[in-house]
Amino acid sequence: MIINRRKAARLPSLLAALAITGVSLLSGCPALADEPTGGPPAATTTEAPKVDLILDDSGSMRTADIQGRSRLSVAQQSLDEVVDALPDETEFGIRVLGATYPGNDKSQGCLDTQSLYPVGKTNKVEAKTAVATLRPTGWTPIGLALRGAAQDLGPGQTTRRIVLITDGEDDCAPPDPCDVARQLAAQGIHLVIDTLGLAHDDNVKNQLLCIANATGGTYTDVRTQEQLSKKLKQIVGQADNTYRQTPAAATGTDTCAGAPVLAPGVYSDREKFSEHRYYRVPVQPGQELRASVSVSLDRAVARDYGVLLQATDTSGQELVRGTDAGSGRTDVVSTGLRWAASRTSQDSPSPTAATTATTTSTAGGDVCLVVSNSLAPQPGVATDPGLPLELTVGLTTASPAPSGPVLGLGRGWTLLLVLTGAGLVCGLLFGWIARWRIAVWREN
């Protein structure tokens, strides 16, 4: 019997498809991924992230000591870049101080602060045009400007940020800007103040550090225009990342026994240099703990440091750890870990390459999270309060063991033998098809 050439040409392809399908079934490849279950509840807010930037426009901002340019022109260029890069959902505003009164009457000059661009959805052209009109003018009422910025941002549950760019101390106190920052922090209104100094003066630095420390913000000593732009974009990006879930305050302890018990969520705390802080998380059988920590370097620290996050049982036996190291080129150090209560594997997964796991496993109960660091301050840097840290805790259903797919095949020698056998069968099958096809062509 003579077989049609077109059908003969298609037959090997059909047989190959059937063979590959059979191998896939034998090797236990799942057709659909399981839906995740048991994860931590999403804690979101409908409020948009809000940032109000305070720009010093006092007379000293005309000083040309940043790469040969005036401090104000450097700040204006950085602001233009930040406005261009604003996320769509961020509500952004600009407040100025010392921008309108050029006289010598201090009582009047110390009232000189106003909203240049209101907090809200940003018309980028209008915002940049308003900044471009500024000229260095008057006094430096920082404390009054901080109060005004808090009012600009308004109330709400989301974390809001004030970003202060200045080259000098407040020369109008009272109100003292440090006292204003402490008052705002005491109100519990989720307000963070980040400060950026354009003048390298110890008095200015100490005041800006005091303002930032009072609210868990950061201080940056700006040396170049590129550094200012990068830091501003980073701060605005942090507002966009954290507004969806406001961290709850948690105070870690120096032992596991008295540590605060944490449910899934995001928490903020402060950790001193070279300190260990403990937290407890109840983990039930069949659950997987996922935790991460970020430590903000809001002041100058010595090079070559590290941050360690450990999970231990209540007796202190380590279960898993995550580490991160830095060299002074970033201002945040982060690490994380994962651990399942029922797992005894030596290769527990982790989001960081440096994370290792031990064979210790429990049937559930409290797990102690330990945050520690090897940070040291540079000479003359204040050590109090501690460095801001953010701890994220999540609980989800533990991942199934690798032996879960079809026929119980999925690991070890069994899978290797099945794949070897499947390969041998496919080789014989394709060899037979090739010989049969040659014979068909010869007959025709």
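Going through the range 240-264 one residue at a time, which ones are modelled with pLDDT of 90 or more, surrounded by 16 or more Cβ atoms within 10 Å (Cβ to Cβ) and within 21 Å of the chain's Cα centre (by Cα)?
Across the range 240-264, the qualifying residues are ALA250, GLY252, LEU262, PRO264.
Quick one: in the range 116-157, of everything that is closer than 24 Å to THR63 by Cα and of a type in the set (Ser, Thr, Tyr), which residue is surrounded by the fewest Cβ atoms within 10 Å (Cβ to Cβ)?
THR133
So which strands (runs of 3 or more DSSP E) are wholly in the range 85-189 and hold at least 1 residues that are within 25 Å of ALA64 (Cβ to Cβ), under 27 Å from the mean Cα position of the chain (by Cα) and aliphatic (A, V, I, L, M)?
On the way: elements: 91-97, 113-120, 160-166.
So the answer is 91-97, 160-166.
Among the residues of the range 66-101 satisfying the criterion of being in contact (Cβ under 8 Å) with a residue 60 or more places away in the chain and among the charged types (D, E, K, R), which is nearest to VAL125 (Cα to Cα)?
In this case the residue turns out to be GLU81.
Take GLY286 and tell me if it is without any contact (Cβ under 8 Å) to a residue 24 or more places away in the chain, over 15 Å from ASN373 (Cα atoms), assigned by TED's automatic domain parsing to the domain that holds THR335 and surrounded by fewer than 15 Cβ atoms within 10 Å (Cβ to Cβ). First the steps, then the outcome.
Numbers: without any contact (Cβ under 8 Å) to a residue 24 or more places away in the chain: no; over 15 Å from ASN373 (Cα atoms): yes; assigned by TED's automatic domain parsing to the domain that holds THR335: yes; surrounded by fewer than 15 Cβ atoms within 10 Å (Cβ to Cβ): yes.
So GLY286 fails the test.
Can you tell me which of LYS50, LYS7 is at pLDDT below 95 and in contact with a strand residue (DSSP E or B) (Cβ under 6 Å, 6 or more places away or on another chain)? Give the steps one after another, and end with the answer.
Working: LYS7 fails: in contact with a strand residue (DSSP E or B) (Cβ under 6 Å, 6 or more places away or on another chain).
Exactly one residue qualifies, and that residue is LYS50.
Restricting to the range 172-201, name every residue that is in contact (Cβ under 8 Å) with a residue 40 or more places away in the chain and among the acidic types (Asp, Glu). If you could, list the steps in order and put the result at the bottom.
So in the range 172-201, the residues in contact (Cβ under 8 Å) with a residue 40 or more places away in the chain come out as 172, 190-191, 193-194, 198-199.
Once the filter is applied, which keeps residues that are in contact (Cβ under 8 Å) with a residue 40 or more places away in the chain and among the acidic types (Asp, Glu), the range 172-201 yields only ASP194.
The values are calculated or read from the model by the stated rules, or taken from the named source; none is laboratory data. Keep in mind that this is a model prediction, so the values were computed, not measured. Virtual Cβ from ideal backbone geometry, glycine too; neighbours counted across all protein chains shown.
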